[in-house]
Amino acid sequence: MNLSIITQSFPIDPETYHEIKKLCESALLLDKFNYSSVLNLQESLQFNVKGFFVLAYDNEQDELVGAASATDQMGLNTYEWAILVSPMYRDIGLDEALLKVIGDGLHQRGAEGELALVIENDTPRRKFVEKYGYSYSFSEATLEAEPQTLASLESLGSLQIREYLEVKDQEALIGIFSDAFGDLREESIQLIQYNSMTEGRILWVAEIDGEIVGTITSSKEGKAQAISALAVHPDKQGHGIGTALLNWVKDFAKRNGDEVVMLDVELENERALAVYEKAGFIKLMQVDYFVYTGK
């Protein structure tokens, strides 16, 4: 068997994208797992996302038989990586070879942290990452809902939702993010800048009588709108503001012809899960995150 391994940085070219997509689709038929999500396949087409693929080819068959991705989602030099090997090539050590090249790539880029992604119930992959020194850290669920025309915000009185304006809104959002996520001031500023200045992302704010009471970010990902950074001022929680922001993005997606609205949430965040379920989101899949401990 004649195999070769190459590395390709984001954004990948269309031909490579379709090769990886085909590999994901063939594995989906057998494993029933959505590998394109954990490989961040859609994000790999974007110029503003840092990351790289490691690709294994069977030269005799002229076919892609393995792919591993490492993605720095927030631009903070912390990478999430995942590996997919074609079912016919899983017992020849290809996983180990891809992991080694991923490790070399992270070292070359001076990565300050890494997380291994494993789809829920993928027992062989879980055993693989644990074998090489990774320990379970936390889980995230991907939820989805259909785009839907917004009926009215009248039930929330003077609530208004609009796009973020740096001069007016930055300090208020820093406080909200600090309360919601425990972020330091500089971390909140980085998040605000990323969500407001990255192409395809829109940072929305909710205000009542001129006071910022909540925020949400939507981002265009293929035929979907992805939601992130939903936060409500602690004094205003429990009044339907979070649900209103979610419904706003569903309406925005409907107006823009998107097919689905998606978001990720940590399973331990029971309050957020309740808000999402109330807004009509249902669980699509779960990803478990493993951190390197060397044990």
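Every number in this text was worked out from the coordinates using simple rules, so none of it is lab data. A quick note: this is a predicted structure, and the numbers were derived from the prediction, not measured. Backbone-built Cβ (ideal geometry, glycine too); neighbour counts: all protein chains shown.
Data overview
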quantity	calculated
Inter-label distance for Lys32 and Thr149, nm, one decimal - labels placed 7 Å from Cα along Cα-to-Cβ	3.8 nm
Segment Asn48-Gln160, extension gain: residue separation times 0.36 nm, minus the distance between their alpha carbons	37.3 nm
Residues whose placed amide H lies under 5 Å from that of Glu221, excluding near-sequence neighbours	Ala226
Whole-Å distance, taken between Cα centres, linking the stretch 10-48 and the stretch 84-131	16 Å
In Hz, Karplus ³J(HN,Hα) per residue of the stretch 217-222 (6.51, -1.76, 1.60; θ = phi - 60°; x = Gly, Pro)	10, 10, 9, 7, 10, x
In the stretch 8-94, the trypsin sites (Lys or Arg not before Pro) that fall in loop regions by DSSP, at most 11 other Cβ within 10 Å	Lys32
Under the Karplus curve 6.51 cos²θ - 1.76 cosθ + 1.60, θ = phi - 60°, whole-Hz ³J(HN,Hα) for the stretch 176-181, x wherever Gly or Pro sits	5, 5, 4, 5, 6, 10
Mean ellipticity per residue at 222 nm, deg cm²/dmol - from DSSP H runs of n ≥ 4 across the chain, formula -39500 (n - 2.57)	-10500 deg cm²/dmol
Vicinal HN-Hα couplings computed from phi for the stretch 73-85 (Karplus, 6.51 cos²θ - 1.76 cosθ + 1.60; Hz; Gly/Pro x)	4, 9, x, 9, 6, 10, 10, 9, 10, 8, 10, 10, 10
Stretchable slack from Thr78 to Asp104, in nm (0.36 nm times residue separation minus alpha-carbon distance)	7.9 nm
Filtered GluC sites (Glu not before Pro), the stretch 190-263: DSSP coil and at most 10 other beta carbons within 10 Å	Glu199
FRET efficiency estimate (nearest 0.05) - Cβ-Cβ, Ile282 to Asp183, R0 25 angstrom	0.30
Cα-based helix-to-principal-axis angle, 241-255 vs the chain, degrees rounded to 10	70 degrees
Built amide H within the under 5 Å cut-off of Gln286, gap 5+	Glu120, Thr142
Sequence ranges 271-278, 227-234, ranked by mean other-Cβ count within 10 angstrom, highest first	227-234, 271-278
Among [x] 66, 47, 31; [y] 58, 44, 37; [z] 68, 36, 32, the entry that matches Cα extents along the principal axes in Å as calculated here	[z]
Label-point separation in nm, Glu266 to Lys168, each point 7 Å along Cα→Cβ	3.2 nm
Leu230 long-range amide H proximity, modeled H, under 5 Å	Thr217
Choice from Asp95, Asp258, Asp179 showing the highest fluctuation, given a GNM over the chain with Cα pairs closer than 10 Å	Asp179
Partners for Lys131 among lysines (Cα-Cα distance below 17 Å; same-chain residues under 8 apart left out)	Lys100, Lys295
